[in-house]
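Okay, structure first, notes after.
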Amino acid sequence: MIIEIHGAGFQNKGAEMMLRTTVDELRNRISDLTLAVDTYYGVYEERSKLGLWQLFPSRSHVGTPDYSKRLFQQKLFTNLKIEKFINRFVGINIKRYGCVSLSETGALIDIAGFAYSDQWGTQPTKDFAELTTYYKASKKPIILLPQAFGPFHKQETKSAFKRIIDNANLIFPRDRISYQYVKELCSDSTKVLKVPDITLFYPHIPNISVSSSSDYVCIIPNGRMLDQGYESWSEKYEPYLIKIAQEIIQLGLKVYVIVHDSSGLDLPIATSIINKLNSDNVILITESNPITIKDMIGSSRMIIGSRYHSLVASFSKAVPAIALGWSHKYEMLFEDFGCEQMIVSHDTKIDSVLELVHKLTDKDTNLHFRKQIIEKLQTMYCANQQMWDLVIKTLNI
């Protein structure tokens, strides 16, 4: 069976963790399997390391210019039997180059993370609705793995996502608010199930330690705080992170500033923090392997994060966290782990933030939160495994 994985990525380490998790889980459950992604997801070397094939011709991301035109070209490539022409008359078999056409895929699995919402405009949702319509017409399963959805207040976005719901076999919102947004538009309750983020249990069931004696704290910035968050964040986001880092150093701990996405403003923010602090106790981390980053987070005393999947990585290792976020997905993640008081909103005073830092760096308090997180993980693991069983059943394998 050939399955298209849609919405993958490599520059954003959270997106790569979702991709790696999906690849690993599917291969562990399906013996004869080929996984394909669009060529716009990463470079060939990155895709080949995971054994991924390429869709040919390419289509690019939803929301990009001329997406519909390129999807039409993919369908035309199939309808006119161009692949057979190339094979017969040009003497080139595209499979020898690790390529498959859209017609050869037997299912669509989406791991976009957070792409279908008014927050990104209507185009990504409309584009994906068009793709799911093709798969639905071809009688191929469509599954949206756990991610955030909504809101859908704009009529265009709402109508497009309603098409996605109608076309899909399974949709897994990963939080309470996303679940509500989807349910408002869905008449078939059996296809919508709330399931936690899939990366919580990758690369394996975590060997969780309740030790709270680590000598460093991770800070993970997010450039999206400047263009997607409240306007006030644009002025105080970096100053807040600097004051937090200074406080951590005064507590006798080191600070690791981790770049979790190499494509945007994360690195400039991280570099600016490093330069302004000018301290040997502050270290810039630009590691490309998401598993290494996750292990680094897992060995820390705590983290202060604005990248969603850095916070997921923290909880997956039972490491307490403080979040500075820009959408409902942060609040919902912390609600699931009973850590709502560790969310920093745009109007939270810096003194209150530093109080949270003191609280979580205290070893006894830190240990209390670690034990609480472990209890939540045990329940979530059962839901995670049930989800994968349902995915395999839906794929009719």
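Within segment 279-308, take every residue that is polar (S, T, N, Q) and under 22 Å from His358 (Cα atoms) and give me the one that is surrounded by the most Cβ atoms within 10 Å (Cβ to Cβ).
To start, the set of residues in segment 279-308 that are polar (S, T, N, Q) comprises 279, 281, 286, 288-289, 292, 299-300, 306.
After this cut, where a residue has to be under 22 Å from His358 (Cα atoms) as well, the list is 279, 281, 299-300, 306.
Numbers: Ser279: 13, Asn281: 15, Ser299: 16, Ser300: 23, Ser306: 27.
Ranking the candidates gives Ser306 first.
Could you count how many residues in segment 125-152 are crowded, with 21+ Cβ neighbours inside 10 Å and part of a loop (DSSP other than H, G, I, E, B)?
Residues in segment 125-152 being crowded, with 21+ Cβ neighbours inside 10 Å and part of a loop (DSSP other than H, G, I, E, B): 4 in total.
How many residues does segment 338-352 contain that are surrounded by 15 or more Cβ atoms within 10 Å (Cβ to Cβ) and either closer than 19 Å to Leu253 by Cβ or among the aliphatic types (A, V, I, L, M) (or both)?
3
Contact list please: Cβ distance under 7 Å, first residue in segment 221-242 and under 17 Å from His260 (Cα atoms) and part of a helix (DSSP H, G or I), second residue aromatic (Phe, Trp, Tyr) and at pLDDT below 95, pairs at least six apart or on different chains.
Taking only residues 6 or more apart or on different chains, the pairs are Arg224/Trp326; Met225/Trp233; Met225/Trp326; Leu226/Trp233.
Within the group Ser279, Ser272, Ser300, which residue is polar (S, T, N, Q) and touching a Cys at 6+ places or on another chain (Cβ under 8 Å)? So that I can check it myself, show each step before the final result.
Numbers: Ser279 fails: touching a Cys at 6+ places or on another chain (Cβ under 8 Å); Ser272 fails: touching a Cys at 6+ places or on another chain (Cβ under 8 Å).
After applying the criteria, what remains is Ser300.
Would you check if Pro203 is assigned to a loop (DSSP other than H, G, I, E, B), surrounded by fewer than 18 Cβ atoms within 10 Å (Cβ to Cβ) and in the same structural domain as Val62 (by TED's automatic domain parsing)? Working first, answer last.
Working: assigned to a loop (DSSP other than H, G, I, E, B): yes; surrounded by fewer than 18 Cβ atoms within 10 Å (Cβ to Cβ): yes; in the same structural domain as Val62 (by TED's automatic domain parsing): no.
No, not satisfied.
In this structure, is Glu355 in a helix (DSSP H, G or I), in the same structural domain as Ile242 (by TED's automatic domain parsing), acidic (Asp, Glu) and within 25 Å of Ala115 (Cβ to Cβ)?
no
So, in segment 80-128, of the ones that are under 16 Å from Glu156 (Cβ atoms) and either among the polar types (S, T, N, Q) or over 20 Å from the mean Cα position of the chain (by Cα) (or both), which residue ends up modelled with the lowest pLDDT? Reasoning before the result, please.
Within segment 80-128, the subset under 16 Å from Glu156 (Cβ atoms) is 115-128.
Narrowing the set further to residues that are either among the polar types (S, T, N, Q) or over 20 Å from the mean Cα position of the chain (by Cα) (or both) leaves 117, 119, 122-123, 125-126.
Details: Ser117: 97, Gln119: 92, Thr122: 97, Gln123: 97, Thr125: 98, Lys126: 98.
Step by step, filter segment 80-128, then rank; the result is Gln119.
Just for segment 13-25: of the residues that are touching a residue at least 60 places away in the same chain (Cβ under 8 Å) and closer than 24 Å to Ala129 by Cα, which one is farthest from the chain's Cα centre (by Cα)? Please lay out each step first, then the result.
From segment 13-25, those touching a residue at least 60 places away in the same chain (Cβ under 8 Å) are 13-22, 24-25; that's our starting set.
So of that shortlist, the ones also closer than 24 Å to Ala129 by Cα come out as 14-16, 18-19, 22.
Values: Gly14: 4, Ala15: 4, Glu16: 8, Met18: 6, Leu19: 9, Thr22: 11 Å.
Looking at the filtered set, the residue picked out is Thr22.
Among the residues of segment 54-71, what is the count of those that are part of a helix (DSSP H, G or I) and not hydroxyl-bearing (Ser, Thr, Tyr)?
Within segment 54-71, the subset part of a helix (DSSP H, G or I) is 67-71.
Remaining after also requiring not hydroxyl-bearing (Ser, Thr, Tyr): 69-71.
Here the count works out to 3.
Sort through Tyr256, Tyr230 and tell me the only one that's farther than 20 Å from Gly298 by Cβ and either in the same structural domain as Pro320 (by TED's automatic domain parsing) or not acidic (Asp, Glu) (or both).
Working: Tyr256 fails: farther than 20 Å from Gly298 by Cβ.
None of the other options fit; the residue is Tyr230.
For the list (1) in a helix (DSSP H, G or I); (2) surrounded by 19 or more Cβ atoms within 10 Å (Cβ to Cβ), I need the number of the one condition that Ala115 fails.
That leaves (1) as the condition not met.
Taking the stated definitions as given, is Asp175 in the same structural domain as Lys359 (by TED's automatic domain parsing), crowded, with 21+ Cβ neighbours inside 10 Å and either over 25 Å from Met332 (Cβ atoms) or in contact (Cβ under 8 Å) with a residue 40 or more places away in the chain (or both)? Show your work before the answer.
On the way: in the same structural domain as Lys359 (by TED's automatic domain parsing): no; crowded, with 21+ Cβ neighbours inside 10 Å: yes; either over 25 Å from Met332 (Cβ atoms) or in contact (Cβ under 8 Å) with a residue 40 or more places away in the chain (or both): yes.
When the stated conditions are applied, Asp175 does not pass them.
Would you mind stating whether Glu355 is touching a helix residue (DSSP H, G or I) at 6+ places or on another chain (Cβ under 6 Å), among the acidic types (Asp, Glu) and exposed (fewer than 15 other Cβ atoms within 10 Å of the Cβ)?
no
The values are calculated or read from the model by the stated rules, or taken from the named source; none is laboratory data. Computed from a prediction, not measured in an experiment: that's the story for all the values here. All Cβ positions, even for glycine, are placed from backbone atoms using ideal geometry, and neighbour counts span all protein chains on display.
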